[in-house]
Amino acid sequence: LEKTPVDLVQTAYFAHCADLLAQIAGVLELSGDAQDYRRHCEKIRAAFQGKFLDASGIVTPATQTALLMALAFDLLPVDKITANCAALRGNIEANGSKMATGFLGTALLCETLARFGMEKLAFDLLLQEEYPSWLFSVKQGATTFWERWNSFTLEDGFGDVSMNSFNHYAYGSVAKFIVNSIGGIDYSDSEVRLQPIFDERFSPVDLYYDSPRGRICSRWAKNGGKTTWEVEVPDGVNAIACLPNGTTHAIRKQAKFEL
């Protein structure tokens, strides 16, 4: 719903792809390739900053998508992150606490907000019922993810048929955020990381992921200021549970925490 320049999007993804290739090469122990791609990423990052940051270090134009890409892909100088986070929050709140992103920006929206300490705002967007939002579509009868938030409305019926798919996963990327942040099931190349964000609006949570190694479960509930959290992982999986107080616990099979 906001226009983000194509060259900004392309440059951001160019840097992101180079960074991913550097990480992949590192996992594969291809140190020369990893160094080459890392240098390439740094050059693109510098070009992004030179072209798309204003004199105060804010991404310009400061659309939600542009700010999200700069934050999610680590394209900003460290001392400019806080200001760009504030610009993103300000944009969303000025828009009535609603998103203005398209396919690419929406995929980054909730996950990036949570990563940079704006978990409540991420959950506010997830629970938003006004257009545009996930629950707006649900209230119009959606049982799948649509190409448009308003592909069909109870008031106006079907939208423009030239772009009106009713099975179009782009906005379904929020499912990853639900698994990673509400359920707390995430992973790296070396371990499963269990770390839910305990927002009481979603209590109780009972979520599982059928991984190639077996089922990973995360269940939690808030009751009277007390949170109970149970986790279960397959045998042989290296997993850690991260508690809100910063402590971590290795999980061999299952565990229960009273928080």
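For segment 202-221, state whether one or more residues are among the aliphatic types (A, V, I, L, M) and open to solvent by 60 Å² or more (accessible area, probe 1.4 Å). Taking every residue of segment 202-221 in turn, none turns out to be among the aliphatic types (A, V, I, L, M) and open to solvent by 60 Å² or more (accessible area, probe 1.4 Å). When segment 22-50 is examined, which residues are found to be β-branched (Val, Ile, Thr) and open to solvent by less than 70 Å² (accessible area, probe 1.4 Å)? Within segment 22-50, 44 is the sole residue that qualifies.
Give me the pairs, please: first residue somewhere in segment 116-133 and in contact (Cβ under 8 Å) with a residue 12 or more places away in the chain and more than 15 Å from residue 175 (Cα to Cα), second residue anywhere and open to solvent by 10 Å² or more (accessible area, probe 1.4 Å) and of a type in the set (Lys, Arg), beta-carbon distance under 7 Å, and either six or more positions apart or on two chains. Hits for this filter: 118/89; 121/89; 128/98; 130/98; 132/98. Residue 12 passes every criterion in (1) in contact (Cβ under 8 Å) with a residue 40 or more places away in the chain; (2) more than 19 Å from the chain's Cα centre (by Cα); (3) in a helix (DSSP H, G or I) apart from (2).
So, residue 53, is that one without any contact (Cβ under 8 Å) to a residue 60 or more places away in the chain, at negative phi and open to solvent by 40 Å² or more (accessible area, probe 1.4 Å) or not? Considered against the rule, which asks whether it is without any contact (Cβ under 8 Å) to a residue 60 or more places away in the chain, at negative phi and open to solvent by 40 Å² or more (accessible area, probe 1.4 Å), residue 53 comes out as no. The set of residues from segment 192-201 being open to solvent by less than 40 Å² (accessible area, probe 1.4 Å) and within 17 Å of residue 221 (Cβ to Cβ) comprises 194, 196, 198, 199. Inclusion of residue 18 among residues that are in contact with a His (Cβ under 6 Å, 6 or more places away or on another chain) and among the hydrophobic types (A, V, I, L, M, F, W, C) is warranted.
The set of residues from segment 172-191 being crowded, with 21+ Cβ neighbours inside 10 Å, out of contact with any Ser or Thr (no Cβ under 8 Å at 6 or more places or on another chain) and within 14 Å of residue 217 (Cβ to Cβ) comprises just one member, 182.
Tallying residues that are of a type outside the set (A, V, I, L, M, F, W, C) and more than 11 Å from residue 65 (Cα to Cα) within segment 90-106 yields 6.
The values are calculated or read from the model by the stated rules, or taken from the named source; none is laboratory data. Just so we're clear, the structure is a prediction, and the values are computed from it rather than from any experiment. Every residue, glycine among them, receives a Cβ derived from its backbone with ideal geometry; neighbour counts consider all protein chains shown. Note: accessible area is taken over every heavy atom of the protein model, side chains too, but ligands, DNA and RNA are not part of it. Shrake-Rupley method; radii C 1.70, N 1.55, O 1.52, S 1.80 Å.
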